Every structure is written in structure tokens, then in C-alpha cells.
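Have a look at the structure below before the remarks.
Values quoted throughout were computed directly from the atomic coordinates according to the rules given, and no laboratory measurement underlies them. Computed from a predicted structure; not experimentally measured. For neighbour counting, all protein chains shown are included, and Cβ atoms are generated from backbone atoms with ideal geometry for every residue, glycine included.
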Amino acid sequence: MSIVSIATSGLSAASLRVNVAASNIANVQTTGPLPASGGSGAAAGAGSSSIGPTFPAAYVPLRVDQVSQSSGSTSGGTIATVSTVSPSYTAQSDPTAPFANQDGLVAAPNVDLASEFVQLATAKYSFIANAKVIQAYAETEDTLLDIKT
């Protein structure tokens, strides 16, 4: 794998990390009803034929998993994948929410804001470092092409 390909994979991973962290931060207050413990999804005491209001589920936070790419002759670079955080929600008190359960609890996204800002900082410096690698490679290549004999 070339130097530029390795650095480009790092740039892509950093960009993905920023997108995921930004999405998690933007949706930190997107709550929803707690999942039904009975597994039916219907509200307690509601008949199967009744039509009641349905509310969107709480935001499911994401995370970026980044691993070194090492597959035989094409080793180098990184692979970043997105997966969901588990558990995806925590119970939070909000008795004024129309979808709160009888105890006044709703499902809130399991997002740690401090961790998300660390992810943003990590992505920033990773992006800068990989961009510098590409810049140094380009400058070195230009210098080699300008050699006069």
C-alpha cells in the first residue's frame, strides 16, 4: 500500500469519527419511550385493536471502531467501522414527556459528552497528522523530480 493510500485511510477514519461524534452530540437530548418490558411494544393495559399515539424511539448513539489494516501484501492504513453503543439508552426522569412511563421515566441516549469531545479532538489531530504526511510526500516527490544532473 502506498504512503498516500495509508494517509488517506487515516483521513477517512478521522472524518468518520467527526461525523459520528457530531451526530451523537446533536442528538444527546433526543429521548423516546422506554422499550416495553413485556416485549409487545404496546402500552400497558392497551387493547390490541386500540389505536394510540406512537412516538419515535430514542436516538441510538454510534461509535467508531478503528483497526489497523493488515491483510497480507496490502498491509498498512486503517479501517474504521460504525457500530451502535450498547446499551443504547439509559432511563431518565422526565414526567412531562408524553411518552413517559408510569414512573415518569423515558429512554435517553447513552451518550457521554466528555467522551464525544475527546473523539472530536482525536479526529482533529489525526486529520492534521495524516494531511501532513501527504504534504511531506508531495514535497519530497517534487524535490526528487527537480533534481538536476
Show the residues, 5+ positions off or on another chain, whose built amide H is closer than 5 Å to the amide H of Thr90. Ala108, Asn110
Over region 79-149, what is the relative contact order in whole percent, taking alpha-carbon pairs under 8 Å and six or more residues apart? 20 percent
Cut-off 13 Å between beta-carbons: net charge of the residues surrounding Gly10, Lys and Arg +1, Asp and Glu -1: +3
Honestly region 59-149 on the Cα gyration tensor test (a ≥ b ≥ c root eigenvalues; a/c under 1.5 rounded, otherwise a/b vs b/c for prolate or oblate) is just prolate
Taking θ as phi - 60°, what are the ³J(HN,Hα) couplings along region 79-93 by the Karplus curve (6.51, -1.76, 1.60), each to the nearest whole Hz, with x for Gly and Pro? 10, 10, 10, 9, 9, 8, 7, 10, x, 7, 9, 10, 6, 10, 7
The relative contact order of region 57-120, taking Cα pairs under 8 Å that sit 6 or more residues apart, comes to a percentage of 30 percent
